[in-house]
1. Rolling a 1.4 angstrom probe over the protein heavy atoms, how many square angstrom per residue are accessible across the chain?
2. If packing is taken as the average count of other Cβ atoms within 10 Å, what order do 135-142, 443-450 fall into, highest mean first?
3. Report, in degrees rounded to the nearest 10, the 0 to 90 angle that the Cα long axis of helix 27-45 makes with the longest principal axis of the chain.
4. Once the whole set of protein chains is in place, how much accessible area is left on residue 4, using a 1.4 Å probe, in Å² to the nearest 10?
5. Output the 0 to 90 degree angle, nearest 10, between the alpha-carbon long axis of helix 56-65 and the longest principal axis computed from the alpha carbons of the chain.
6. Amide H neighbours of residue 446 under 5 Å, at least 5 residues apart or on other chains, H built in the peptide plane: list them.
7. Summarise the accessible area of the chain (1.4 Å probe, protein heavy atoms) by the percent that is carbon and sulfur.
8. At a threshold of 8 angstrom on Cα-Cα distance, excluding pairs fewer than six apart, so keeping six or more, what relative contact order does segment 92-139 reach in percent?
Amino acid sequence: MSGHPPYPLLDRISSPPELRALPESALPAVADELRAFLIQTVSQMGGHFAAGLGTVELTVALHYVFDTPDDRLVWDVGHQAYPHKVLTGRRERLSSIKQKNGLAPFPTRSESEYDTFGVGHSSTSVSAALGMALADRLQGGHRAHVAVIGDGAMTAGLAFEALNHAGAIDANLLVVLNDNDMSISENVGALSNYFARVLAGRLYQGIREGGKRVLRRIPAAWEFARRSEEHLKGMVLPGTMFEEMGLNYIGPVDGHDVIGLVRTLKLIKQARGPQFLHVVTKKGKGYAPAEADPIKWHGPGPFDAAKGEIRTEKASGPTYTQVFGRWLCDAAERDPSIVAITPAMREGSGLVEYSKRYADRYYDVGIAEQHAITLAAGLACEGLKPVVAIYSSFLQRGYDQLIHDVALQDLPVTFALDRAGLVGGDGATHQGMFDLSFLRCIPNLTVMVPADENECRQMLHTATQLGHPAVVRYPRGAGPGAEIVQELSSIPIGKGVIVRQGSSGLAILALGPMVSLLAATAEHLDATLVNLRFAKPLDRELVLDIATHHNHLVTAEENVLQGGVGSAVLELLADAGVSVPVLRLGIPDSFIEHGSRNDNLASAGLDAATMHERIAAFRAPLFQRA
Ligand SMILES: Cc1ncc(C[n+]2csc(CCOP(=O)(O)OP(=O)(O)O)c2C)c(N)n1
């Protein structure tokens with residue numbers, strides 16, 4: 001025996017039908033085993049943790065009551081779906097999650113028939129489940145459709161767009177609100193306050209009697225309410241905001257009482273039309289350190305489960321995220337017009353210190369990327385200098401706001417674009433690999449890409465001095481270790497720098513992390529190495545000069561090849577009538593799955609060794625001719 005706790009019940013459950021074969025009375029023990037298994041497994045490899053601990057009972061109850069996979073269960077974001085993966089035949093492979101060829105970090109349709117919808121970005125579950133419910137109706141089916149969405153994910157407009165639609169069309173849909181009062185950080189906004197009021201019972205007490213009077217006029221609803229209350233201590237609250245939107249609101253119920261959940265869900269299963277079940281859970285439930293600090297335990301690395309200590313990796317130098325956080329505090333100290341906005345990513349974006357020191361100039365807007373950007377536009381209209389800290393892949397959500405509200409009006413908003421490039425374990429949904437392509441085509445926008453930490457700091461400063469919209473895009477993790485100059489100075493706009501002058505006729509035009517990754521290759525092949533610095537505006541003069549004085553050009557970027565900086569170079573050369581062979585290195589036309597960042601770079605052919613080989617092969621005809 002390995003010393004792991006035994007899992008006699010989990011050992012018998014390789015799929016939900018086996019769970020459903022157990023008596024109801026066995027379910028608390030199943031939940032206990034599942035929780036122990038999660039703690040043991042995640043402690044070894046790290047991963048999303050506190051959210052999954054909070055959904056153990058809910059997951060058991062949902063798979064117990066609903067006939068999955070025929071009934072459709074849609075998880076929002078999917079970071080809380082580890083228990084779901086365990087109960088749906090993936091227990092043995094859970095320890096491989098997020099690793100190359102291992103289980104995907106989030107539910108993924110290609111991985112399991114129980115993963116009904118691919119997720120990773122939040123607040124999609126209600127729309128997706130509603131689509132499935134409408135398809136079922138058109139196809140004459142009678143399936144159940146359940147969306148499980150957190151109170152954090154519920155802050156997004158997308159979720160409300162879906163509820164607004166669902167409430168009006170009588171679809172056969174159950175929305176389960178998993179309310180733990182937390183996003184990654186504390187949840188924010190009026191909705192969060194509203195949920196807290198519901199839980200405090202004030203709303204409940206105030207409307208309960210009136211509600212009952214209304215319900216009595218609707219016999220089926222009244223019967224449902226009566227049975228809920230008698231048998232389940234559940235509550236039906238007509239008058240809640242969701243009720244008014246046309247959904248039948250049930251709750252709040254205890255999300256850690258698995259038997260109670262099962263009974264509630266069985267009743268709901270018989271009801272028709274859109275239902276809304278408010279479930280109260282505790283993030284980190286059952287693991288004391290995670291209950292005490294769910295922010296720290298949202299997605300820890302490997303940890304010592306007995307001691308509750310997360311193993312810290314040796315810091316190789318500040319991450320780009322830390323460089324940004326430091327710069328922001330320095331900039332805010334000097335300039336009272338700096339304001340910072342995050343769409344629910346305070347920790348991940350490096351804003352913790354700033355949020356404490358400059359609380360009056362800090363806005364966590366919830367998971368609301370679109371609003372974050374238009375809010376910044378409004379602030380900029382009135383003379384402030386908003387800095388929107390946002391991950392590259394989440395900026396995809398705010399594209400129209402960027403074009404229509406910021407760039408078209410030429411407003412001085414700075415976008416600190418973190419996780420730009422390949423991100424590793426979070427996989428395909430979180431890769432920041434499209435931004436250069438979708439930003440490069442926007443007029444008025446400047447797009448800077450630092451090759452090291454100091455350049456990042458100075459570019460951020462430059463962006464806020466520009467008076468126009470600007471993006472600084474930087475990758476996950478640490479940089480090459482450049483010395484960071486405290487003094488802030490603007491860099492010349494649209495100007496690249498020659499890092500190394502070669503004499504072989506080969507020139508490498510590199511962007512961002514590619515500059516240091518290709519330094520050895522440039523040395524080895526005696527190539528000229530250029531740090532382009534700007535994806536937009538491209539340094540026209542420098543590129544044309546290099547193109548006329550070299551006979552082979554290579555471009556390198558951590559972005560998809562289509563529309564990236566390599567494309568920009570080709571466009572420039574074509575427009576100027578310059579003909580020179582160009583090898584473009586970038587991410588090929590495919591999604592890059594989870595793995596380490598190095599695995600990701602290798603999958604894209606952007607690891608130093610592969611790039612060296614390709615550049616050497618590209619240059620070879622030069623020598624053959626010579
Ligand atoms: C569009 C988008 N923005 C940001 C994120 C990052 N993110 C992942 S989980 C999460 C918090 C979700 O909170 P909640 O739905 O309440 O789930 P909990 O972790 O509390 O269970 C955030 C902001 C995301 N996945 N998608």
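1. About 39 Å² of surface per residue is accessible.
2. Final packing ranking: 443-450, 135-142.
3. Rounded to the nearest ten degrees, it is 10.
4. Approximately 70 Å² for this residue.
5. The angle comes out at about 60 degrees.
6. Answer set, sorted by chain and number: 470, 471.
7. So the carbon and sulfur contribution to the accessible surface is 53 percent.
8. Normalised by residue count, the contact order of segment 92-139 is 19 percent.
The values are calculated or read from the model by the stated rules, or taken from the named source; none is laboratory data. Predicted model only: the values in this text are computed from it and were never measured. Note: ideal-geometry Cβ built from the backbone for every residue, glycine included; neighbour counts use all protein chains shown. To get the accessible areas, we keep the full protein, side chains included, count just its heavy atoms, and leave off ligands, DNA and RNA. Shrake-Rupley method; radii C 1.70, N 1.55, O 1.52, S 1.80 Å.
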